[in-house]
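The values are calculated or read from the model by the stated rules, or taken from the named source; none is laboratory data. Remember, it's a predicted structure, so these values are computed and weren't measured experimentally. For neighbour counting, all protein chains shown are included, and Cβ atoms are generated from backbone atoms with ideal geometry for every residue, glycine included.
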Amino acid sequence: MSIPPTVHWIESGQPRSALWRSESAAPPPARIQVADDRLRADAAYRLICEGTALLWRGDFHNARQLLQALARRIDKKPRKPADNALDAFNRHRQAQSQRARLLGSLLLSFDADHGLDLRRAPDVRQACLQAYGPAAGPYLASLRELQGVVGAHEWRRKGVPIPALGGARIHPHYGVFSPVRGEYLDLAARAPLPGGQAALAYDIGTGTGVLAAVLARRGVERVVATDQDPRALACARDNLDRLGLGARVEVVQADLFPSGQAPLVVCNPPWLPARPSSPVEHAVYDPDSRMLRGFLQGLAPHLAPRGEGWLILSDLAVHLGLRQADEVPALIARHGLRVLDRLDARPVHPRASDPDDPLHAARAAEITSLWRLAAA
């Protein structure tokens, strides 16, 4: 693992330095000013807008309140109405990026054991150790990132109930996308297995391992689940062991397919063909539809005779203007595949019914589909 970059600042007239940590790969701040409880929100907002990061030395709870105040000022900035769905999407991502950059300017100093030396600071050492592993030394990171780390720690501890697993819980690790969209799991739980049963299935890009678990619970005798992200591999193994399925599901590191053929090959690729800006966004954004194209291109050679491939994909990209409506059927045909059937589901998540969401029109029209594919 590479050593993080070093960041420098002046404090009490003395030069100081520490390692810099950012999961979103934000560059180290060029200017850092030490701040404490005396700094007012308006002054802090002016400083971060000018490109100055604030290293907090005051009360931890006051830092949280300052971050909330900064968020209110950022969100009050008026935005121009979008011309169309694609323009709305681009403006939304640009606003999200700018918001993340500004809110990421409130920094905390961590000891080498991930501890915080601030008044009323919580003990975040275990949460940071789970997310980052051992630290190479004292480091700076943003309060906003720490909130994500702590939130992920709670998700991992409590787990997410999955109706398709009879209410059993999946425990997502930091940096691994949480299976909060249940409709795609319901599709996988009710789609007919090839020939009524399957001795072997491949789950391509397993993430938390939730789809592999659904397949195993449905009676698939053996599942090979692949991923190339070490965090996802560890997360999938942990979840499958928790569910008592570790002996039936083999988790392997691979870019898409394992070797061999299977009667059932399942893939839920990222749904939007755009560039991710943080590790967890790799589960949502698929630049140039790389994973989608790779799955369809390699599917036929990895299908056993009379086998099926299940492509689970939302059409949100179509409604956002990121993909043409006929693009997926054309890709399927181009790679020597035919459609046996298609199962559809409407979204049930809250943003689909939130008229204040900037992408509401596209989310409300979205359909998630399970395409049952076979070799032509």
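Below are the figures for this structure:
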item	result
Conditions (1) in a helix (DSSP H, G or I); (2) closer than 22 Å to residue 62 by Cα; (3) out of contact with any Lys or Arg (no Cβ under 9 Å at 6 or more places or on another chain); number of the one not met by residue 156	(2)
Residues (of a type in the set (A, V, I, L, M, F, W, C), modelled with pLDDT under 95 and surrounded by fewer than 17 Cβ atoms within 10 Å (Cβ to Cβ)) located in the stretch 1-29	1, 3, 25
Among the candidates 103, 146, residue that is among the hydrophobic types (A, V, I, L, M, F, W, C), crowded, with 18+ Cβ neighbours inside 10 Å, in contact with a strand residue (DSSP E or B) (Cβ under 7 Å, 6 or more places away or on another chain) and in contact (Cβ under 8 Å) with a residue 12 or more places away in the chain	146
The stretch 353-376, subset part of a helix (DSSP H, G or I) and surrounded by fewer than 17 Cβ atoms within 10 Å (Cβ to Cβ), residue modelled with the lowest pLDDT	353
Residue selected from the stretch 202-249 under the condition β-branched (Val, Ile, Thr) and in contact with a Phe, Trp or Tyr (Cβ under 9 Å, 6 or more places away or on another chain), by the criterion nearest to residue 161 (Cα to Cα)	208
Residue within the stretch 50-66 that is β-branched (Val, Ile, Thr) and in contact with a helix residue (DSSP H, G or I) (Cβ under 7 Å, 6 or more places away or on another chain) present	no
Which listed residue is at pLDDT 95 or above, more than 30 Å from residue 216 (Cβ to Cβ), buried (at least 18 other Cβ atoms within 10 Å of the Cβ) and in the same structural domain as residue 65 (by TED's automatic domain parsing), from 141, 121	141
Subset of the stretch 332-373 (residues that are among the acidic types (Asp, Glu) and under 22 Å from the mean Cα position of the chain (by Cα))	354, 357, 366
